[in-house]
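Peer 1: Following this message is one structure expressed as C-alpha coordinates.
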Amino acid sequence: MDKYELFKEHLKEGAEEFKRLDNNDVVRIVSHLDCDGICACSILIKLLTSENRRYSVSIIQQLNEKVLKELAKEDYNTFVFTDLGSAQFSNIKELLGDKKFFVLDHHEIEEKEIAVNHMNPNLFGIDGGKEISGAGVVYLFCSLLSKKIESDMAHVAVIGAVGDVQEDNGFLELNNSILEVALLNNKIKVSRGLRVFGIQTKPIHKVLEYCSNPYIPDVTGSESGTIQFLNEMGIEPMNGKDWKKIIHLNEEEMKRLVSGIIMKRINEKNPSDVLGNVYTLVEEVDESPLRDAKEFSTLLNSCGRLSKASLGIGVCLGDEKSKKRAIKNLTDYKKEIVKALKWYEGSKESKDVFREKGFMIINAKDEVLYTIIGTIASILSRSNDVEEGTYIMGLARTKEENNTKVSLRIGGKDEHEGVDLRQVVTDVVERVGFGEAGGHPLAAGAIIPFEKEEEFISAAKVVLRERVGKKVS
Ligand SMILES: [Mn+2]
(Lines give C-alpha, C1' and ligand atoms only; values in the text may rest on other atoms or scores of the structure.)
Protein backbone atom coordinates (compact mmCIF):
# COMPACT_ATOMS: atom_id res chain seq x y z
CA MET A 1 0.00 0.00 0.00
CA ASP A 2 1.22 3.52 -0.68
CA LYS A 3 1.16 6.28 1.91
CA TYR A 4 -2.25 7.54 0.80
CA GLU A 5 -3.84 4.12 1.10
CA LEU A 6 -2.23 3.67 4.51
CA PHE A 7 -3.60 7.01 5.66
CA LYS A 8 -7.08 6.12 4.43
CA GLU A 9 -6.93 2.73 6.15
CA HIS A 10 -5.99 4.53 9.33
CA LEU A 11 -8.91 6.95 8.95
CA LYS A 12 -11.21 3.96 8.58
CA GLU A 13 -9.98 2.47 11.83
CA GLY A 14 -10.44 5.83 13.53
CA ALA A 15 -13.96 6.15 12.14
CA GLU A 16 -14.80 2.67 13.45
CA GLU A 17 -13.58 3.77 16.86
CA PHE A 18 -15.71 6.92 16.60
CA LYS A 19 -18.79 4.80 15.86
CA ARG A 20 -18.32 3.03 19.17
CA LEU A 21 -18.90 6.27 21.10
CA ASP A 22 -22.03 6.58 23.16
CA ASN A 23 -24.51 8.52 21.02
CA ASN A 24 -25.90 10.24 24.10
CA ASP A 25 -22.55 11.76 25.01
CA VAL A 26 -22.12 15.45 24.30
CA VAL A 27 -19.12 15.83 21.97
CA ARG A 28 -16.74 18.57 23.11
CA ILE A 29 -15.20 20.10 19.97
CA VAL A 30 -12.12 22.32 20.11
CA SER A 31 -10.99 23.90 16.86
CA HIS A 32 -8.55 26.44 15.49
CA LEU A 33 -9.44 30.08 15.01
CA ASP A 34 -8.86 30.51 11.31
CA CYS A 35 -10.66 29.74 8.09
CA ASP A 36 -9.48 26.14 8.04
CA GLY A 37 -10.34 25.55 11.69
CA ILE A 38 -13.84 26.95 11.20
CA CYS A 39 -14.36 24.76 8.11
CA ALA A 40 -13.00 21.72 9.96
CA CYS A 41 -15.35 21.91 12.94
CA SER A 42 -18.31 22.80 10.70
CA ILE A 43 -17.97 19.50 8.85
CA LEU A 44 -17.94 17.59 12.13
CA ILE A 45 -20.91 19.60 13.44
CA LYS A 46 -22.83 18.80 10.27
CA LEU A 47 -22.25 15.11 10.91
CA LEU A 48 -23.27 15.28 14.57
CA THR A 49 -26.45 17.29 13.91
CA SER A 50 -27.45 14.91 11.13
CA GLU A 51 -27.27 12.14 13.71
CA ASN A 52 -29.17 14.20 16.31
CA ARG A 53 -26.15 14.20 18.56
CA ARG A 54 -25.26 17.01 20.93
CA TYR A 55 -22.02 18.97 20.92
CA SER A 56 -20.33 21.99 22.45
CA VAL A 57 -17.71 23.90 20.46
CA SER A 58 -14.85 26.26 21.33
CA ILE A 59 -12.68 28.04 18.81
CA ILE A 60 -9.23 28.99 20.08
CA GLN A 61 -6.06 30.55 18.72
CA GLN A 62 -3.64 28.15 20.36
CA LEU A 63 -3.86 24.86 22.22
CA ASN A 64 -1.45 24.57 25.12
CA GLU A 65 -1.14 22.95 28.51
CA LYS A 66 -3.10 25.70 30.23
CA VAL A 67 -6.09 25.33 27.89
CA LEU A 68 -5.94 21.54 28.23
CA LYS A 69 -6.01 21.80 32.02
CA GLU A 70 -9.15 23.93 31.76
CA LEU A 71 -10.74 21.40 29.39
CA ALA A 72 -9.84 18.54 31.71
CA LYS A 73 -11.92 20.18 34.45
CA GLU A 74 -15.00 20.24 32.23
CA ASP A 75 -17.71 17.66 32.62
CA TYR A 76 -17.38 15.99 29.19
CA ASN A 77 -16.42 12.45 28.32
CA THR A 78 -15.65 12.88 24.63
CA PHE A 79 -13.33 15.44 23.04
CA VAL A 80 -12.55 16.06 19.39
CA PHE A 81 -9.75 18.43 18.40
CA THR A 82 -9.89 19.69 14.84
CA ASP A 83 -7.16 21.57 12.93
CA LEU A 84 -5.06 21.51 16.11
CA GLY A 85 -3.90 19.03 18.72
CA SER A 86 -1.10 17.12 17.02
CA ALA A 87 1.59 19.35 18.50
CA GLN A 88 0.09 18.72 21.96
CA PHE A 89 -0.69 15.05 21.61
CA SER A 90 1.32 13.90 24.62
CA ASN A 91 -0.22 16.61 26.81
CA ILE A 92 -3.69 15.64 25.64
CA LYS A 93 -2.97 12.01 26.49
CA GLU A 94 -1.74 13.00 29.88
CA LEU A 95 -4.49 15.46 30.78
CA LEU A 96 -7.49 13.85 29.10
CA GLY A 97 -6.24 10.28 29.30
CA ASP A 98 -9.21 9.05 31.31
CA LYS A 99 -11.65 10.34 28.66
CA LYS A 100 -12.27 9.55 25.02
CA PHE A 101 -10.58 11.91 22.58
CA PHE A 102 -9.81 12.25 18.88
CA VAL A 103 -7.29 14.53 17.17
CA LEU A 104 -7.96 15.41 13.52
CA ASP A 105 -5.13 17.66 12.42
CA HIS A 106 -2.62 18.36 9.65
CA HIS A 107 -0.04 20.44 11.53
CA GLU A 108 3.37 19.09 12.42
CA ILE A 109 3.35 16.10 14.70
CA GLU A 110 5.09 15.82 18.03
CA GLU A 111 4.81 12.04 18.38
CA LYS A 112 5.60 9.67 15.50
CA GLU A 113 3.73 6.79 17.08
CA ILE A 114 0.47 6.04 15.30
CA ALA A 115 -2.55 5.98 17.60
CA VAL A 116 -6.03 4.99 16.48
CA ASN A 117 -7.49 8.30 17.74
CA HIS A 118 -4.85 10.47 16.04
CA MET A 119 -5.62 11.36 12.42
CA ASN A 120 -2.78 13.29 10.79
CA PRO A 121 -1.31 12.83 7.27
CA ASN A 122 2.20 13.64 8.54
CA LEU A 123 2.15 10.35 10.44
CA PHE A 124 2.21 8.64 7.03
CA GLY A 125 4.79 10.85 5.38
CA ILE A 126 2.17 12.99 3.64
CA ASP A 127 2.94 16.72 3.77
CA GLY A 128 0.11 18.24 5.82
CA GLY A 129 1.33 21.72 4.97
CA LYS A 130 0.68 21.29 1.26
CA GLU A 131 -1.43 18.25 0.53
CA ILE A 132 -4.41 18.48 2.85
CA SER A 133 -5.91 20.92 5.33
CA GLY A 134 -7.44 20.33 8.75
CA ALA A 135 -10.87 20.61 7.14
CA GLY A 136 -9.76 18.02 4.58
CA VAL A 137 -8.79 15.54 7.30
CA VAL A 138 -12.13 16.03 9.09
CA TYR A 139 -13.92 15.72 5.76
CA LEU A 140 -12.27 12.40 4.85
CA PHE A 141 -12.97 11.12 8.35
CA CYS A 142 -16.64 12.18 8.41
CA SER A 143 -17.19 10.94 4.85
CA LEU A 144 -16.47 7.46 6.12
CA LEU A 145 -19.32 7.87 8.59
CA SER A 146 -21.87 9.47 6.27
CA LYS A 147 -22.39 9.46 2.51
CA LYS A 148 -24.30 12.71 2.87
CA ILE A 149 -21.29 14.48 4.36
CA GLU A 150 -19.19 13.19 1.48
CA SER A 151 -21.43 14.82 -1.11
CA ASP A 152 -22.55 17.92 0.81
CA MET A 153 -19.39 19.15 2.51
CA ALA A 154 -16.51 18.65 0.04
CA HIS A 155 -16.59 22.33 -0.94
CA VAL A 156 -16.12 23.34 2.72
CA ALA A 157 -12.95 21.22 2.86
CA VAL A 158 -11.75 22.95 -0.33
CA ILE A 159 -12.32 26.37 1.24
CA GLY A 160 -10.34 25.26 4.29
CA ALA A 161 -7.43 24.33 2.02
CA VAL A 162 -7.69 27.67 0.18
CA GLY A 163 -7.63 29.44 3.57
CA ASP A 164 -4.44 27.62 4.48
CA VAL A 165 -2.87 28.67 1.15
CA GLN A 166 -2.59 25.11 -0.17
CA GLU A 167 -3.83 26.06 -3.62
CA ASP A 168 -1.00 26.76 -6.02
CA ASN A 169 -2.16 26.53 -9.59
CA GLY A 170 -4.25 23.54 -8.56
CA PHE A 171 -4.18 21.18 -5.62
CA LEU A 172 -2.06 18.15 -4.74
CA GLU A 173 -3.30 14.58 -4.38
CA LEU A 174 -5.60 14.51 -1.34
CA ASN A 175 -7.00 18.04 -1.71
CA ASN A 176 -7.49 17.35 -5.37
CA SER A 177 -9.54 14.23 -4.73
CA ILE A 178 -11.77 16.28 -2.41
CA LEU A 179 -12.10 19.01 -5.05
CA GLU A 180 -13.23 16.39 -7.53
CA VAL A 181 -16.10 15.37 -5.27
CA ALA A 182 -17.11 19.03 -4.93
CA LEU A 183 -17.06 19.37 -8.73
CA LEU A 184 -19.04 16.19 -9.18
CA ASN A 185 -21.72 17.40 -6.80
CA ASN A 186 -21.91 20.79 -8.51
CA LYS A 187 -20.82 22.72 -5.45
CA ILE A 188 -17.75 24.26 -7.07
CA LYS A 189 -16.78 25.22 -10.59
CA VAL A 190 -13.16 25.71 -11.64
CA SER A 191 -12.20 28.06 -14.44
CA ARG A 192 -9.04 29.66 -15.76
CA GLY A 193 -8.82 33.32 -14.89
CA LEU A 194 -6.99 36.15 -13.19
CA ARG A 195 -5.37 35.00 -9.98
CA VAL A 196 -6.36 38.09 -8.02
CA PHE A 197 -8.42 38.84 -4.94
CA GLY A 198 -11.88 40.36 -5.19
CA ILE A 199 -13.18 39.35 -8.62
CA GLN A 200 -16.74 39.10 -7.27
CA THR A 201 -16.92 42.07 -4.95
CA LYS A 202 -14.33 44.76 -5.70
CA PRO A 203 -14.15 47.39 -8.46
CA ILE A 204 -11.59 46.40 -11.11
CA HIS A 205 -9.32 49.37 -10.45
CA LYS A 206 -9.17 48.49 -6.73
CA VAL A 207 -8.41 44.84 -7.48
CA LEU A 208 -5.48 45.86 -9.68
CA GLU A 209 -4.19 48.61 -7.41
CA TYR A 210 -4.08 46.26 -4.40
CA CYS A 211 -2.79 43.29 -6.35
CA SER A 212 0.60 42.44 -4.86
CA ASN A 213 0.91 38.80 -5.78
CA PRO A 214 1.13 38.78 -8.79
CA TYR A 215 2.79 42.16 -8.79
CA ILE A 216 1.93 44.48 -11.71
CA PRO A 217 4.61 47.12 -12.40
CA ASP A 218 3.26 50.74 -12.63
CA VAL A 219 -0.15 49.48 -11.47
CA THR A 220 0.20 47.82 -8.07
CA GLY A 221 0.07 50.48 -5.38
CA SER A 222 -0.75 53.31 -7.78
CA GLU A 223 -4.29 54.58 -8.24
CA SER A 224 -3.40 56.87 -11.14
CA GLY A 225 -1.29 54.14 -12.74
CA THR A 226 -4.24 51.76 -12.51
CA ILE A 227 -6.68 54.22 -14.10
CA GLN A 228 -4.21 54.96 -16.90
CA PHE A 229 -3.64 51.26 -17.51
CA LEU A 230 -7.38 50.54 -17.78
CA ASN A 231 -7.62 53.47 -20.17
CA GLU A 232 -4.87 52.04 -22.38
CA MET A 233 -6.63 48.67 -22.36
CA GLY A 234 -9.85 50.36 -23.47
CA ILE A 235 -11.66 49.15 -20.37
CA GLU A 236 -14.29 51.48 -19.01
CA PRO A 237 -14.01 51.31 -15.18
CA MET A 238 -17.67 52.13 -14.74
CA ASN A 239 -20.97 50.60 -15.71
CA GLY A 240 -23.24 53.61 -15.72
CA LYS A 241 -23.16 54.76 -12.11
CA ASP A 242 -21.52 51.63 -10.67
CA TRP A 243 -17.93 50.49 -10.62
CA LYS A 244 -17.34 47.52 -12.86
CA LYS A 245 -16.08 44.30 -11.31
CA ILE A 246 -13.92 41.66 -12.99
CA ILE A 247 -16.89 39.32 -13.35
CA HIS A 248 -18.64 42.01 -15.42
CA LEU A 249 -16.00 42.04 -18.15
CA ASN A 250 -16.90 40.40 -21.43
CA GLU A 251 -14.61 37.84 -23.01
CA GLU A 252 -12.93 40.39 -25.28
CA GLU A 253 -12.22 42.84 -22.42
CA MET A 254 -10.94 40.00 -20.26
CA LYS A 255 -8.49 38.94 -22.96
CA ARG A 256 -7.21 42.51 -23.33
CA LEU A 257 -6.84 42.87 -19.57
CA VAL A 258 -4.93 39.59 -19.19
CA SER A 259 -2.53 40.26 -22.06
CA GLY A 260 -2.08 43.84 -20.85
CA ILE A 261 -1.06 42.63 -17.40
CA ILE A 262 1.31 40.05 -18.88
CA MET A 263 2.93 42.81 -21.01
CA LYS A 264 3.42 44.96 -17.91
CA ARG A 265 5.06 42.00 -16.22
CA ILE A 266 7.34 41.17 -19.12
CA ASN A 267 10.48 41.85 -17.06
CA GLU A 268 9.27 39.81 -14.09
CA LYS A 269 10.35 36.23 -13.50
CA ASN A 270 7.11 34.57 -14.68
CA PRO A 271 5.03 37.15 -16.55
CA SER A 272 2.06 34.87 -17.12
CA ASP A 273 1.77 33.94 -13.45
CA VAL A 274 -1.32 36.14 -13.35
CA LEU A 275 -3.37 33.28 -14.69
CA GLY A 276 -4.57 30.58 -12.38
CA ASN A 277 -7.55 28.59 -11.25
CA VAL A 278 -10.61 30.45 -10.09
CA TYR A 279 -12.89 28.46 -7.76
CA THR A 280 -16.51 29.55 -7.85
CA LEU A 281 -19.10 28.43 -5.30
CA VAL A 282 -21.91 27.53 -7.66
CA GLU A 283 -24.76 27.90 -5.16
CA GLU A 284 -23.87 31.44 -4.08
CA VAL A 285 -25.15 34.49 -5.95
CA ASP A 286 -23.01 36.69 -8.21
CA GLU A 287 -21.11 39.50 -6.49
CA SER A 288 -21.46 37.85 -3.08
CA PRO A 289 -18.28 37.53 -0.97
CA LEU A 290 -19.20 33.83 -0.77
CA ARG A 291 -19.15 33.24 -4.52
CA ASP A 292 -15.36 33.09 -4.86
CA ALA A 293 -13.41 30.59 -2.73
CA LYS A 294 -10.66 33.09 -1.85
CA GLU A 295 -13.16 35.69 -0.73
CA PHE A 296 -15.15 33.03 1.13
CA SER A 297 -12.04 32.06 3.08
CA THR A 298 -11.32 35.70 3.92
CA LEU A 299 -14.85 36.08 5.20
CA LEU A 300 -14.39 33.07 7.49
CA ASN A 301 -11.10 34.51 8.72
CA SER A 302 -12.78 37.81 9.50
CA CYS A 303 -15.39 35.94 11.58
CA GLY A 304 -12.64 34.26 13.59
CA ARG A 305 -10.62 37.42 14.03
CA LEU A 306 -13.53 39.44 15.38
CA SER A 307 -14.53 36.65 17.80
CA LYS A 308 -17.54 35.65 15.71
CA ALA A 309 -16.43 32.14 14.78
CA SER A 310 -19.95 30.82 15.36
CA LEU A 311 -21.13 33.00 12.48
CA GLY A 312 -18.50 31.40 10.29
CA ILE A 313 -19.72 27.96 11.30
CA GLY A 314 -23.27 29.00 10.38
CA VAL A 315 -21.99 30.12 6.97
CA CYS A 316 -20.28 26.76 6.36
CA LEU A 317 -23.49 24.98 7.31
CA GLY A 318 -25.35 27.05 4.72
CA ASP A 319 -27.44 29.10 7.14
CA GLU A 320 -28.74 32.17 5.28
CA LYS A 321 -29.06 34.37 8.38
CA SER A 322 -25.46 33.66 9.33
CA LYS A 323 -24.37 34.51 5.80
CA LYS A 324 -25.99 37.96 6.00
CA ARG A 325 -24.50 38.65 9.38
CA ALA A 326 -21.06 37.39 8.37
CA ILE A 327 -21.07 39.69 5.35
CA LYS A 328 -21.86 42.60 7.66
CA ASN A 329 -19.08 41.43 9.97
CA LEU A 330 -16.70 41.61 7.03
CA THR A 331 -17.41 45.35 6.85
CA ASP A 332 -16.59 45.70 10.55
CA TYR A 333 -13.40 43.75 9.96
CA LYS A 334 -12.35 46.10 7.16
CA LYS A 335 -13.07 49.05 9.47
CA GLU A 336 -10.82 47.52 12.14
CA ILE A 337 -8.06 47.22 9.58
CA VAL A 338 -8.48 50.81 8.40
CA LYS A 339 -8.44 51.96 12.03
CA ALA A 340 -5.24 50.01 12.67
CA LEU A 341 -3.54 51.42 9.56
CA LYS A 342 -4.53 54.94 10.60
CA TRP A 343 -3.02 54.34 14.02
CA TYR A 344 0.17 53.20 12.31
CA GLU A 345 0.28 56.28 10.05
CA GLY A 346 -0.16 58.53 13.08
CA SER A 347 2.43 56.67 15.14
CA LYS A 348 5.20 56.32 12.56
CA GLU A 349 7.26 59.03 14.24
CA SER A 350 6.53 57.88 17.79
CA LYS A 351 8.55 55.45 19.87
CA ASP A 352 5.94 52.75 19.22
CA VAL A 353 7.34 52.35 15.71
CA PHE A 354 11.03 51.57 15.61
CA ARG A 355 12.73 51.66 12.23
CA GLU A 356 16.25 50.76 11.33
CA LYS A 357 17.92 49.68 8.12
CA GLY A 358 16.39 46.35 7.11
CA PHE A 359 13.70 46.05 9.76
CA MET A 360 10.94 47.74 11.71
CA ILE A 361 9.20 46.87 14.96
CA ILE A 362 5.71 48.14 15.67
CA ASN A 363 4.44 47.88 19.22
CA ALA A 364 0.71 48.54 18.93
CA LYS A 365 -0.07 47.54 22.53
CA ASP A 366 -3.86 47.94 22.91
CA GLU A 367 -4.27 50.08 19.79
CA VAL A 368 -4.63 47.20 17.33
CA LEU A 369 -6.56 43.95 17.85
CA TYR A 370 -4.09 41.14 18.44
CA THR A 371 -6.01 38.97 16.00
CA ILE A 372 -5.26 41.39 13.14
CA ILE A 373 -1.70 42.50 13.95
CA GLY A 374 -0.41 39.83 11.53
CA THR A 375 -2.73 41.11 8.80
CA ILE A 376 -1.47 44.66 9.39
CA ALA A 377 2.16 43.50 9.15
CA SER A 378 1.26 41.70 5.88
CA ILE A 379 -0.39 44.80 4.42
CA LEU A 380 2.63 46.95 5.33
CA SER A 381 4.96 44.35 3.84
CA ARG A 382 3.30 44.94 0.48
CA SER A 383 3.11 48.74 0.72
CA ASN A 384 5.43 51.10 -1.12
CA ASP A 385 6.44 52.41 2.27
CA VAL A 386 8.57 49.37 2.91
CA GLU A 387 11.67 48.32 1.05
CA GLU A 388 12.11 44.87 -0.44
CA GLY A 389 13.30 42.37 2.15
CA THR A 390 12.54 44.53 5.21
CA TYR A 391 11.52 42.53 8.28
CA ILE A 392 8.30 43.79 9.84
CA MET A 393 7.53 42.78 13.39
CA GLY A 394 4.22 43.73 14.96
CA LEU A 395 3.12 43.34 18.58
CA ALA A 396 -0.37 43.70 20.07
CA ARG A 397 -1.88 42.69 23.40
CA THR A 398 -4.49 40.03 23.88
CA LYS A 399 -7.36 41.27 26.00
CA GLU A 400 -8.06 38.42 28.37
CA GLU A 401 -4.80 36.57 28.91
CA ASN A 402 -2.29 39.35 29.63
CA ASN A 403 -0.24 38.16 26.70
CA THR A 404 1.20 39.88 23.68
CA LYS A 405 0.93 38.47 20.19
CA VAL A 406 3.99 38.94 17.99
CA SER A 407 3.83 38.67 14.20
CA LEU A 408 6.68 38.72 11.73
CA ARG A 409 6.48 39.32 7.99
CA ILE A 410 8.92 40.35 5.27
CA GLY A 411 8.48 43.20 2.81
CA GLY A 412 8.42 43.11 -0.94
CA LYS A 413 7.19 41.29 -3.98
CA ASP A 414 10.07 38.84 -4.35
CA GLU A 415 9.90 35.12 -3.71
CA HIS A 416 12.14 35.47 -0.62
CA GLU A 417 14.09 32.35 -1.32
CA GLY A 418 15.77 30.96 1.77
CA VAL A 419 13.92 33.25 4.18
CA ASP A 420 12.61 31.46 7.28
CA LEU A 421 10.69 33.85 9.51
CA ARG A 422 9.71 31.08 11.90
CA GLN A 423 13.40 30.49 12.55
CA VAL A 424 13.92 34.21 13.19
CA VAL A 425 11.14 34.23 15.81
CA THR A 426 12.46 31.00 17.30
CA ASP A 427 15.91 32.63 17.60
CA VAL A 428 14.41 35.53 19.56
CA VAL A 429 12.37 33.22 21.78
CA GLU A 430 15.45 31.12 22.53
CA ARG A 431 17.46 34.22 23.28
CA VAL A 432 14.99 35.54 25.86
CA GLY A 433 13.96 32.14 27.20
CA PHE A 434 10.19 32.69 27.19
CA GLY A 435 7.32 32.63 24.72
CA GLU A 436 5.99 30.16 22.17
CA ALA A 437 7.03 30.51 18.52
CA GLY A 438 5.03 29.17 15.60
CA GLY A 439 4.04 29.68 12.00
CA HIS A 440 5.54 29.21 8.56
CA PRO A 441 8.63 30.43 6.65
CA LEU A 442 6.82 33.55 5.36
CA ALA A 443 4.42 34.25 8.23
CA ALA A 444 5.50 33.55 11.77
CA GLY A 445 4.67 34.68 15.26
CA ALA A 446 4.88 34.14 18.97
CA ILE A 447 2.92 34.64 22.17
CA ILE A 448 4.79 36.29 25.05
CA PRO A 449 3.82 37.64 28.48
CA PHE A 450 2.91 41.28 27.95
CA GLU A 451 5.09 42.63 30.77
CA LYS A 452 8.07 41.28 28.85
CA GLU A 453 7.46 43.18 25.62
CA GLU A 454 10.49 45.46 26.06
CA GLU A 455 12.82 42.56 26.77
CA PHE A 456 11.53 40.73 23.72
CA ILE A 457 11.90 43.80 21.49
CA SER A 458 15.51 44.35 22.62
CA ALA A 459 16.37 40.75 21.78
CA ALA A 460 14.53 40.99 18.46
CA LYS A 461 16.66 44.00 17.53
CA VAL A 462 19.84 42.02 18.13
CA VAL A 463 18.60 39.02 16.13
CA LEU A 464 17.28 41.15 13.26
CA ARG A 465 20.45 43.26 13.05
CA GLU A 466 22.42 40.06 12.69
CA ARG A 467 20.12 38.83 9.90
CA VAL A 468 20.19 42.14 8.06
CA GLY A 469 23.98 42.32 8.38
CA LYS A 470 24.37 38.86 6.85
CA LYS A 471 22.18 39.78 3.90
CA VAL A 472 24.28 42.87 3.05
CA SER A 473 27.65 41.11 3.11
MN1 LIG B 1 -5.18 24.37 9.12
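Peer 1: Residue pairs, Cβ under 7 Å, 6 or more apart or interchain, first in region 170-181 and at pLDDT 95 or above, second assigned to a helix (DSSP H, G or I) and among the charged types (D, E, K, R). List them.
Peer 2: Val181/Glu150
Peer 1: Also, I was wondering about something else. Working only within region 2-22, note down all residues that are open to solvent by 70 Å² or more (accessible area, probe 1.4 Å) and closer than 17 Å to Phe79 by Cα.
Peer 2: Within region 2-22, Glu16, Lys19, Arg20, Asp22 qualify.
Peer 1: In addition: If you take the residues of region 32-56 that are more than 14 Å from the ligand (Cβ to nearest atom) and not in a helix (DSSP H, G or I), which of them is farthest from Cys142 (Cα to Cα)?
Peer 2: The residue in question is Ser56.
Peer 1: Are there any pairs, at least 6 apart or on different chains, whose C-beta atoms fall under 7 Å, with the first in region 220-248 and assigned by TED's automatic domain parsing to the domain that holds Leu281 and the second of a type in the set (Lys, Arg) and open to solvent by 70 Å² or more (accessible area, probe 1.4 Å), and if so, which?
Peer 2: Pairs that qualify, where the first residue is assigned by TED's automatic domain parsing to the domain that holds Leu281 and the partner is of a type in the set (Lys, Arg) and open to solvent by 70 Å² or more (accessible area, probe 1.4 Å), are Met233/Arg256; Gly234/Arg256; Ile235/Arg256.
Peer 1: Only one of (1) part of a strand (DSSP E or B); (2) within 20 Å of Glu16 (Cα to Cα); (3) in contact (Cβ under 8 Å) with a residue 60 or more places away in the chain fails for Ile59. Which number is that?
Peer 2: Condition not satisfied by Ile59: (2).
Peer 1: With touching a Pro at 6+ places or on another chain (Cβ under 6 Å), under 15 Å from Gly160 (Cα atoms) and modelled with pLDDT of 95 or more as the only criterion, which of Leu290, Leu281, Leu317, Leu299 stands out? First the steps, then the outcome.
Peer 2: Details: Leu290 fails: touching a Pro at 6+ places or on another chain (Cβ under 6 Å); Leu281 fails: touching a Pro at 6+ places or on another chain (Cβ under 6 Å); Leu317 fails: touching a Pro at 6+ places or on another chain (Cβ under 6 Å).
The match here is Leu299.
Peer 1: I'm told Phe79 meets every condition in (1) outside any helix (DSSP H, G or I); (2) in contact with a strand residue (DSSP E or B) (Cβ under 8 Å, 6 or more places away or on another chain); (3) closer than 19 Å to Leu174 by Cα except one. Can you identify the failing condition by its number?
Peer 2: Of everything listed in (1) outside any helix (DSSP H, G or I); (2) in contact with a strand residue (DSSP E or B) (Cβ under 8 Å, 6 or more places away or on another chain); (3) closer than 19 Å to Leu174 by Cα, Phe79 misses just condition (3).
Peer 1: Sticking with this one: For the structure I just gave you, tell me whether Lys413 is surrounded by fewer than 17 Cβ atoms within 10 Å (Cβ to Cβ), modelled with pLDDT under 95 and not acidic (Asp, Glu).
Peer 2: For Lys413, the condition - surrounded by fewer than 17 Cβ atoms within 10 Å (Cβ to Cβ), modelled with pLDDT under 95 and not acidic (Asp, Glu) - is not met.
Peer 1: Restricting region 136-168 to residues that are open to solvent by 10 Å² or more (accessible area, probe 1.4 Å), in contact (Cβ under 8 Å) with a residue 60 or more places away in the chain and not in a loop (DSSP other than H, G, I, E, B), which is nearest to the ligand (Cβ to nearest atom)?
Peer 2: Ranking the qualifying residues of region 136-168, first place goes to Gly163.
Peer 1: Oh, and also: Just wondering, is there one or more residues in region 206-213 that are under 18 Å from the mean Cα position of the chain (by Cα), of a type in the set (Ser, Thr, Tyr) and open to solvent by 10 Å² or more (accessible area, probe 1.4 Å)?
Peer 2: Yes, region 206-213 contains at least one residue that is under 18 Å from the mean Cα position of the chain (by Cα), of a type in the set (Ser, Thr, Tyr) and open to solvent by 10 Å² or more (accessible area, probe 1.4 Å).
Peer 1: In region 337-371, which residues are of a type in the set (Asp, Glu) and touching a helix residue (DSSP H, G or I) at 6+ places or on another chain (Cβ under 8 Å)?
Peer 2: Those that are of a type in the set (Asp, Glu) and touching a helix residue (DSSP H, G or I) at 6+ places or on another chain (Cβ under 8 Å): Glu356, Glu367.
Peer 1: Any chance region 251-260 includes a residue that's at pLDDT below 95 and either in a loop (DSSP other than H, G, I, E, B) or within 30 Å of His32 (Cβ to Cβ) (or both)?
Peer 2: Within region 251-260, not a single residue is at pLDDT below 95 and either in a loop (DSSP other than H, G, I, E, B) or within 30 Å of His32 (Cβ to Cβ) (or both).
Peer 1: Just to check your reading of the model, which residue among Leu68, Leu48, Leu84 is in contact with a helix residue (DSSP H, G or I) (Cβ under 6 Å, 6 or more places away or on another chain) and of a type outside the set (Asp, Glu)? Please lay out each step first, then the result.
Peer 2: Details: Leu48 fails: in contact with a helix residue (DSSP H, G or I) (Cβ under 6 Å, 6 or more places away or on another chain); Leu84 fails: in contact with a helix residue (DSSP H, G or I) (Cβ under 6 Å, 6 or more places away or on another chain).
Sole residue among the options that is in contact with a helix residue (DSSP H, G or I) (Cβ under 6 Å, 6 or more places away or on another chain) and of a type outside the set (Asp, Glu): Leu68.
Peer 1: Within region 120-135, can you find the residues that are part of a helix (DSSP H, G or I) and either more than 9 Å from the ligand (Cβ to nearest atom) or under 17 Å from Phe89 (Cβ atoms) (or both)?
Peer 2: Listed by number, the residues that qualify are Pro121, Asn122, Leu123, Phe124, Gly134.
Peer 1: Answer with yes or no whether Glu108 is exposed (fewer than 14 other Cβ atoms within 10 Å of the Cβ) and within 26 Å of the chain's Cα centre (by Cα).
Peer 2: Criteria met by Glu108.
Peer 1: Give me a count of the residues in region 261-290 that are in contact with a Gly (Cβ under 9 Å, 6 or more places away or on another chain) and either assigned to a strand (DSSP E or B) or assigned by TED's automatic domain parsing to the domain that holds Ala161 (or both).
Peer 2: Of the residues in that region, 4 qualify.
Peer 1: A follow-up question, please. Residue pairs, Cβ under 7 Å, 6 or more apart or interchain, first in region 29-45 and free of Cβ contacts under 8 Å to residues at least 60 places away in the same chain, second within 13 Å of the ligand (Cβ to nearest atom) and among the aromatic types (Phe, Trp, Tyr). List them.
Peer 2: From residues that are free of Cβ contacts under 8 Å to residues at least 60 places away in the same chain, the pairs are Val30/Phe81.
Peer 1: Another question about this same structure. Could you tell me whether Val462 is more than 23 Å from the chain's Cα centre (by Cα) and in contact (Cβ under 8 Å) with a residue 24 or more places away in the chain?
Peer 2: Here the answer is yes, as Val462 does meet what is asked.
The values are calculated or read from the model by the stated rules, or taken from the named source; none is laboratory data. Just so you know, these numbers come straight off a predicted model, no measurement behind them. Because the Cβ atoms are built from the backbone with ideal geometry, glycine has one as well, and the counts that use them run over all protein chains shown. The area values use the complete protein model at the heavy-atom level, side chains included, leaving out ligands, DNA and RNA. Shrake-Rupley method; radii C 1.70, N 1.55, O 1.52, S 1.80 Å.
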